[in-house]
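Visitor: My questions all concern the structure below.
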Amino acid sequence: MSLTHTGVTTDPADLAPCGREDHPDCGIRDVLDRIGDKWSVLVIVELAGGPRRFRELQRAIDGISQRMLTLTVRRLERDGLVLRTVYPTVPAQVDYRLTETGTGLTHLVKALADWSLAHRTVIAEARRAYDRTHPDHDIR
């Protein structure tokens, strides 16, 4: 895959993630991978406020590259969490909004984001303390 590739790749494991459809974990891991990745969380939080155009999302999400935002919204669209609408204008206007399924997820993602914000100082101090007592264990 090239550095500029922005297509959504499919993994044969997506079709039967656990090998057995009756397995209790079947499907859970791949969904958690998507909604647990930092860019997806930030896109969902931003779209919880309503539809956004691509550049609006990019400006609102600090540090996300154009390529990563493209991949993230495509993956969320593929998973049925985001709807991409193209308007017949010149140039074409595109906006992104949460689907009903995506909207149902917002309170959970927002709670995770709020928890992260509330505990960032405590976690940063725990990391510093760990790093001081374990100088030979670089796990970053």
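Visitor: Which members of the stretch 35-83 meet the condition of being charged (D, E, K, R) and farther than 17 Å from L105 by Cβ? Outline the logic, then answer.
Guide: Of the residues in the stretch 35-83, the ones charged (D, E, K, R) are 37-38, 46, 52-53, 55-56, 59, 62, 67, 74-75, 77-79.
The answer is R53, R55, E56, R59, D62, R67, R74.
Visitor: Filter the stretch 107-140 for residues that are modelled with pLDDT of 85 or more and acidic (D, E); which is nearest to the chain's Cα centre (by Cα)?
Guide: Going through the qualifying residues, I end up with D114.
Visitor: Might you let me know whether the stretch 56-66 holds any residue that is among the basic types (K, R) and at pLDDT 95 or above? Give the derivation first.
Guide: Here is the first cut: in the stretch 56-66, the ones among the basic types (K, R) are 59.
Add one more test, that the residue is at pLDDT 95 or above, and what stays is 59.
Within the stretch 56-66 (the criterion being among the basic types (K, R) and at pLDDT 95 or above), the answer is yes, since at least one residue qualifies.
Visitor: Here are some residues: A92, A118, A129. Which one is of a type in the set (G, A, S) and touching a strand residue (DSSP E or B) at 6+ places or on another chain (Cβ under 6 Å)? Before you say what the answer is, go through the steps one by one.
Guide: On the way: A118 fails: touching a strand residue (DSSP E or B) at 6+ places or on another chain (Cβ under 6 Å); A129 fails: touching a strand residue (DSSP E or B) at 6+ places or on another chain (Cβ under 6 Å).
Unique residue meeting the criteria: A92.
The values are calculated or read from the model by the stated rules, or taken from the named source; none is laboratory data. Keep in mind that this is a model prediction, so the values were computed, not measured. Neighbour counts are summed over all protein chains in view; Cβ atoms, including those assigned to glycine, are modelled from backbone coordinates with ideal geometry.
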